[in-house]
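Reading through the structure tokens given below for one structure.
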Amino acid sequence: VVFPEGLLEHCMLENIQIQAWSSLAKGIYTGRSMDNAPEEVVRTRELVAEMARRKETTGESIVLGWLMRHPALIQPVIGSANPERILNCRDAVKQAGLMTREEWYALYTSSRGKSVT
């Protein structure tokens, strides 16, 4: 999602916490079948899977950890009643704490489809 110019910065300055609804993006980064998905989605899904394998966790925990590691301290709302999906999120807080700036930025640039300068 692209926020209006300055929105995140304003919220950070005013201590307004942002909630990310549908923060798991309907599973597009964690295994949902996506025929003809854009290149940046495929690349990001592969990066999420690789990070989850390396860190011995789930893709859902990586995606939520990325949101929680955002400088604006975004609060994800998973929006699922599926017990398995909820269980897959159990490691998110830990992953947010362990995620390096390099890992965070790699996911950020991958999902945007281009380097941010």
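The values are calculated or read from the model by the stated rules, or taken from the named source; none is laboratory data. Model, not experiment: these values are computed from the prediction. Positions of Cβ are backbone-derived with ideal geometry, glycine not excepted, and every protein chain shown enters the neighbour counts. Please note that ligands, DNA and RNA were not included when accessible areas were found on the heavy atoms of the full protein model with its side chains. Shrake-Rupley method; radii C 1.70, N 1.55, O 1.52, S 1.80 Å.
Considering only Leu47, Ala37, Cys11, whose Cα is most displaced toward the positive end of the charge dipole of the chain, charges sitting on Cβ of Lys, Arg (+1) and Asp, Glu (-1)?
Positive-most Cα among the choices belongs to Leu47.
Evaluate 2.2 N^0.38 Å with N set to the residue count of the chain, then give the Cα radius of gyration divided by it.
1.04
Given a 1.4 Å probe, how much area per residue of the chain is accessible, in Å²?
Using a 1.4 Å probe on heavy atoms only, each residue of the chain averages 66 Å².
Using Cα-Cα distances under 8 Å and only pairs 6 or more residues apart, what relative contact order does the chain have, in percent?
30 percent
Which percent of the Cα-Cα distances in region 1-41 go past 15 Å?
Tail of the P(r) past 15 Å holds 58 percent of the pairs.
Using 0.36 nm per residue of separation minus the Cα-Cα distance, give me the extension gain between Gln19 and Phe3 in nm, one decimal.
Result: 4.5 nm gained on full extension.
Using only helices, what value at 222 nm comes out for the chain when you add -39,500 (n - 2.57) per DSSP H run of length 4 or more and divide by the total residues, to the nearest 500 deg cm²/dmol?
Result for the chain, helices only: -14500 deg cm²/dmol.
With a cap of 10 neighbouring Cβ atoms within 10 Å, and only residues DSSP puts in a loop, list the GluC sites (Glu not before Pro) found in region 48-80.
Glu56
Ignoring ligands, DNA and RNA, what percent of the 1.4 Å accessible area of region 5-117 is carbon and sulfur?
Roughly 53 percent, rounded to a whole number.
Can you give the net charge of the other residues whose Cβ lies under 14 Å from the Cβ of Pro71, counting K and R as +1 and D and E as -1?
+1
What is the dipole size for the chain, taken about its Cα centre, with +1 at each Lys and Arg Cβ and -1 at each Asp and Glu Cβ, in debye to the nearest 20?
240 debye
Below 11 angstrom from the Cβ of Met99, what's the summed charge of the other residues (Lys, Arg +1; Asp, Glu -1)?
That sum, taken over residues with Cβ under 11 Å, equals +2.
Can you return the lysines within cross-link range of Lys55? Criterion is Cα-Cα under 18 Å, with same-chain partners fewer than 8 residues away left out.
Output for Lys55: Lys94.
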